[in-house]
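The values are calculated or read from the model by the stated rules, or taken from the named source; none is laboratory data. From a predicted model like this one, the values you see are computed outputs, not experimental measurements. Neighbour counts run over all protein chains shown; Cβ positions are idealised from the backbone, glycine included.
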Amino acid sequence: MNRIWFIMVVGSIACLIWTDPANVLNSMIDASAEALTLSVELCAVYAVWLGVLELVEASGLGEKLAKLLHPLIKKLFKIDDLQTEKMIALNMSANILGLGNAATPMGIEAMKRLDDGSGVATPAMIMLIVLNATSLQLLPNTVIGLRTSAGSASPADIILPTIIATLCTCLLGICLVKLFNHLREKVSKRSKK
């Protein structure tokens with residue numbers, strides 16, 4: 001650890017010696033202005049979609065979505081709480097629309113409801129984490145927004161590759177969670193004997 005710290009300090013001093021401090025300051029100011037502009041643009045995208053998700057919740061579409069996804073959620077999570085299913089369904093819907101940040105509040109609420117208080121992650125909690133990390137995305141709105149703000153001529157060209165990549169990672173994640181849960185149950189049964 002001390003070696004890494006030493007290398008970082010020496011590298012920083014070398015950068016200060018061989019660079020023009022005025023250019024460094026200008027680059028820092030330009031980068032912070034670009035970051036602020038990008039943040040405002042992404043806030044507009046998220047504001048629209050968070051509003052749509054709020055309308056979904058207020059109109060009762062959340063319950064309908066939970067009913068539609070009920071068989072899948074039941075199979076993956078093995079839970080019997082309708083409110084938790086609804087939060088998971090809304091979380092999955094937001095992720096499918098490419099709104100990972102908008103999905104976070106529902107994911108946190110679902111995670112709280114899945115917690116059994118033991119201090120150990122339950123299989124349902126692990127599945128929710130993996131589904132959020134690998135989330136299937138039909139509309140990668142955040143990336144499309146980033147590509148639009150960067151001046152891409154066709155920012156939506158990434159939709160098909162995104163669907164293929166996220167479908168593969170999502171299916172692999174589900175299979176691995178199921179496999180490890182099966183192995184954990186097997187080891188648990190052996191240790192009880």
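Note on the range 76-90: among residues that are among the β-branched types (Val, Ile, Thr) and in a helix (DSSP H, G or I), the one that is surrounded by the fewest Cβ atoms within 10 Å (Cβ to Cβ) is Thr84. Residues in the range 144-159 that are of a type outside the set (Lys, Arg) and surrounded by 17 or more Cβ atoms within 10 Å (Cβ to Cβ): Ile144, Gly145, Pro155.
Restrict the check to the range 61-75 and report whether at least one residue is under 22 Å from Cys175 (Cβ atoms), crowded, with 16+ Cβ neighbours inside 10 Å and at pLDDT 85 or above. Yes; the residues of the range 61-75 include at least one that is under 22 Å from Cys175 (Cβ atoms), crowded, with 16+ Cβ neighbours inside 10 Å and at pLDDT 85 or above.
Beta carbons closer than 9 Å, at least 6 apart along the sequence or on distinct chains, pair a first residue in the range 131-144 that is under 20 Å from Tyr46 (Cβ atoms) with a second that is among the aromatic types (Phe, Trp, Tyr) for Asn141/Tyr46; Asn141/Trp49; Thr142/Tyr46. Restricting attention to the range 10-32, the residues that are of a type outside the set (Gly, Ala, Ser) and at pLDDT 80 or above add up to 3.
This table checks each residue for (1) under 21 Å from Ala110 (Cβ atoms); (2) of a type in the set (Phe, Trp, Tyr); (3) under 19 Å from the mean Cα position of the chain (by Cα); (4) at pLDDT 90 or above.
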position	(1), (2), (3), (4)
Ser152	no, no, no, no
Pro155	no, no, no, no
Cys168	no, no, yes, yes
Leu176	yes, no, yes, yes
Leu179	no, no, no, yes
Ser188	no, no, no, no
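Pairs are defined by a Cβ separation below 7 Å, a sequence spacing of at least 6 or placement on different chains, a first member in the range 102-119 that is farther than 17 Å from Thr142 by Cβ and part of a helix (DSSP H, G or I), and a second member that is of a type in the set (Asp, Glu) and modelled with pLDDT under 90; the pairs so defined are Arg113/Asp81.
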